[in-house]
Structures are given as C-alpha cells and as structure tokens.
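What follows is a set of notes on a single structure, which appears directly below.
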Amino acid sequence: MTPPPVVPPLTGAVRERAAYLASDDLPAYVYDLAELRAHAAAVRAALPERVELYYAAKANPEPEILAALAPHVDGFEVSSGGELAHVRKAVRNRPLAFGGPGKTPAELATALDLGVERFHVESEYELRMLGHLAARLAPGRTVPVLLRFNLPVPGAALEGSSLAMGGRPTPFGLDPTQADNAVRLLADHPQLELRGLHAHLASGLDAAAQLAVAGEVVAFAVALAARYGVALPEVNVGGGMNVDYTDPGVRFDWTAYGEGLARLTAAHPSLLLRIEPGRALTAYCGWYATEVLDVKPSHGEEFAVLRGGTHHLRTPATKGHDQPCTVLPVDRWPHPWPRPAARQDHITLTGQLCTPKDVLARRVPAGGLRAGDRVVFALAGAYAWNISHHDFLMHPRPGFHFLGGA
Ligand SMILES: *Cc1c(COP(=O)(O)O)cnc(C)c1O
C-alpha cells in the first residue's frame, strides 16, 4: 500500500511564479521571503525571555535569506572562515558565534580582527591556539569563549534523531573527560573569557527530545560551574529541530519547546539560553520548481525525467527520503510530436544525471503526469542548493527568485 499523497501547501506567490516561468528558465529556486519572515517571527514569539535565537547559516546562507531573518534573530552561527566573512558582509551589526571543528590559525586570527562575539571552542588544541592569538590583542580586550562539549544524548532523544553529533565518538567538541583540563587551561590565558557552554548533539529531534537535551546540557553546565566556582552564564543548546519531510504539515512544536525552555530558565535565574536552529527556520520558505521532460516505462514501473535533479537539490539523496512535491498541470503542448504521459498511478521522479542515485521522489501518486507538466518540490529552503554538487554533468544552473522582499 502506498501512503496517500502529501501535498504541501504551495503559497500563491510561489505557484504563480512556478507556472509563469518559461521552460528555459527552469529549474528555479523560488523563495518566499514573506513566509520566512512570518515563520521566524512566530518562532521568536514562542521563545521566552532569556532565550536567544541564532540562525545556523550553513542551512542556507543566501544573502536575501540572511537579511530577511536578521530582524527576527539575535545573531548568526557560522562554522567556517568563509561563512564568517560572508555573513559579516550580508548582515551588519549582528552578533556572530564562530563554531565548527578544524578552525585554522588564519581563520581564528581573522575572527579576532573582526571582533566575533562568541567563539565556540572545539578542542584543547584550539583553546591553546586561540589563547596565543588573543595574547596579541590590545591589553584589556577579552575574547568570549563557549566550550563545546560532546555530551551523552538522553536515551529518549536519541531514538528520534536522524543525525547524532554527540554521545558517541565524533570529531565535534570536547570530550566530557577533558572538562577539568579545559577549565585549567583557560586560567593560563587570561584574555579568554569563559562565558559558558555549547552543545549541538543531534538533529531531527522533536520538542520533547530537544527539551531533554537542553536539560542535560544545562545540568552539565551547572555541575561544571559548581565544581570550579566559575560562572557559566550562557548555555547554547544547539540546533537540530526536526523538519518532517514525510509530512510537511507536521511542524516542530515551538510553543511546547518555548514553554519547556521557560521552565528551565525559571529554575536557573542567572542563565541565558541560546539555540541555533538552521533547517527548521529556512526549510519551509524554499521551493524547487521544474518541469517534466520525459515519461517512460522501465521494467514494470514508470519514470518521469525532470529538468534538473539532485545536482541542484541533493536533500532527498543525502537524507534518503522522497522530497514532497506538488504537480502543476500544464495543458499547452507546443511541439508537433506526441506528448508522453504516465499510465500508472505512481511514478518515480528523477533528474537528468547519468546515475541511478538521481532520484527526487519515488512512486509519487501522480497518475497521468505528462511531459511539460510542472513539478514544484517543497521544503527546499535548507540544505538544498548549497549542499549540492552543481558541476557534475555540467547542466545549467537554476534560476533564483526571492519573492516578497521587504
Ligand atoms: C548544523 C549545525 C546547527 C544547525 O543544525 P540544524 O539541524 O540545521 O538545526 C547548529 N549548530 C551547529 C554547531 C551545527 O553544526
């Protein structure tokens, strides 16, 4: 049995643009910035006081996206020198947190020059390197540091996660057994100012699992602070809020999450919490619109070959899901040759690449799909274009349309 079709709500502006573009202007990424602003404002409104919202730029760093988010977030998380330079330029005067493993000396030096607001330190080596580089700064200038830890992920949270960065051997953050040494090292580098802790342990978590993670991280911070008699006023509990690609109507419960975080901050009156979601902020505002080029049978199944493919929208290939989509039928057929059409009820949507991995969605309930019909893929606003292998096979790049600009 194939599950019933899940048709994601296609916003009017996106539908109009996807329908009116000429074939040669497809495929196209269409972003609804009005939708993005409304969503970000709702997320912000669901969060209590003393919880800061940062956006993890790696999910989608398009300048238009960053600019639309800027009024609704407290800052941006960047994970490389490239992202750092890019975000600093795209949005002025917003705090940046610089994280990520394998920071180079040059990247750290540039980050110090740019006055990055928070350094998420990932290892003892990095702490020493930052300490040495910071020693060259003007006397009295301090460098705000959050120590990133790879902490155990609570059992309940682990079950639902799609990607675990913590609680198992990974290159991310300090091992909990290094906590004592890291705090001692900080004493050798007076210009490094320990502001608190950072952890980004898993992604694909629902609100209850995220709250369990936040509780663990805060408990670790409180215990560490007590052991050393230091203040750890800030705890960044990371991102990883779930986006459900099988049912786009189910969204992360920001209200329940905000209420849970409010209980956590109420229990710790001097605590400032910070979260840094990426996917759950921008996935919903982006669409990948294209058209059917060919429809054909193969060994009992049917395939529609679309203009474009996973070299533009790699998300379904990397995550192993079917990208949710909507068909926009096009009745006009401008060619003198016959128009191919699907005969079965379900059809697999592929791209133009010469690899069987170039599948966007399997067995989609789109009976009667014809060449020339348009297909618009939803949830393409995060980890989509920017994680794709654009140059493989040298097909043209998609167009980019930012609707609802301020
Ligand atoms: C990727 C990443 C995020 C964002 O994760 P999402 O799953 O997109 O919410 C946040 N923090 C760190 C350190 C990351 O590496």
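Values for this structure:
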| item | result |
| --- | --- |
| Identity of the residue in segment 346-378, within 22 Å of Gly300 (Cβ to Cβ) and polar (S, T, N, Q), that ends up surrounded by the most Cβ atoms within 10 Å (Cβ to Cβ) | Thr350 |
| Strands (runs of 3 or more DSSP E) completely within segment 292-391 that count 1 or more residues being basic (Lys, Arg) and touching a residue at least 40 places away in the same chain (Cβ under 8 Å) | 359-364, 374-377 |
| Filter result for Tyr20 (among the aromatic types (Phe, Trp, Tyr) and touching a Gly at 6+ places or on another chain (Cβ under 6 Å)) | no |
| Matching residues, segment 316-354, being closer than 28 Å to His389 by Cβ and β-branched (Val, Ile, Thr) | Thr318, Thr326, Val327, Ile347, Thr348, Thr350 |
| Conditions (1) more than 16 Å from the ligand (Cβ to nearest atom); (2) surrounded by fewer than 18 Cβ atoms within 10 Å (Cβ to Cβ); (3) on the phi < 0 side of the Ramachandran plot; (4) not polar (S, T, N, Q); number of the one not met by Pro101 | (1) |
| One residue from Val235, Val213, Val217 being under 15 Å from Arg148 (Cβ atoms), touching a Pro at 6+ places or on another chain (Cβ under 9 Å) and either surrounded by 23 or more Cβ atoms within 10 Å (Cβ to Cβ) or free of Cβ contacts under 8 Å to residues at least 60 places away in the same chain (or both) | Val213 |
| All positions within segment 137-151 that are touching a residue at least 24 places away in the same chain (Cβ under 8 Å) and away from the ligand (no atom under 16 Å from the Cβ) | Leu137, Arg141, Thr142, Val143, Pro144 |
| Checklist (1) closer than 20 Å to Glu234 by Cα; (2) crowded, with 19+ Cβ neighbours inside 10 Å applied to Ala134, failing item | (1) |
| Unique match (being at pLDDT 95 or above, closer than 22 Å to Phe392 by Cβ and assigned by TED's automatic domain parsing to the domain that holds His299) among His346, His321 | His321 |
| Test: residue in segment 72-83 that is in a helix (DSSP H, G or I), within 14 Å of the ligand (Cβ to nearest atom) and surrounded by fewer than 23 Cβ atoms within 10 Å (Cβ to Cβ) | yes |
| Residues of segment 259-273 satisfying the condition of being within 16 Å of the ligand (Cβ to nearest atom) and either part of a helix (DSSP H, G or I) or touching a Phe, Trp or Tyr at 6+ places or on another chain (Cβ under 9 Å) (or both) | Leu261 |
| Hits in segment 47-64 (condition: at negative phi, in contact with a strand residue (DSSP E or B) (Cβ under 7 Å, 6 or more places away or on another chain) and more than 11 Å from the ligand (Cβ to nearest atom)) | Leu47, Val51, Glu52, Leu53, Glu64 |
| Which listed residue is hydrophobic (A, V, I, L, M, F, W, C), assigned to a strand (DSSP E or B) and within 24 Å of Arg88 (Cβ to Cβ), from Leu146, Leu130, Leu112 | Leu146 |
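Yes/no matrix, rows are residues, columns are (1) under 25 Å from the mean Cα position of the chain (by Cα); (2) farther than 22 Å from Ala19 by Cα; (3) not aliphatic (A, V, I, L, M):
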{"position": "Ala317", "(1), (2), (3)": "yes, yes, no"}
{"position": "His321", "(1), (2), (3)": "yes, yes, yes"}
{"position": "Val327", "(1), (2), (3)": "no, no, no"}
{"position": "Arg339", "(1), (2), (3)": "no, no, yes"}
{"position": "Thr350", "(1), (2), (3)": "yes, no, yes"}
{"position": "Thr355", "(1), (2), (3)": "no, yes, yes"}
{"position": "Ala366", "(1), (2), (3)": "no, no, no"}
{"position": "Asp373", "(1), (2), (3)": "no, no, yes"}
{"position": "Phe377", "(1), (2), (3)": "yes, no, yes"}
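The values are calculated or read from the model by the stated rules, or taken from the named source; none is laboratory data. Everything quoted here is computed from the prediction, not taken from an experiment. All Cβ positions, even for glycine, are placed from backbone atoms using ideal geometry, and neighbour counts span all protein chains on display.
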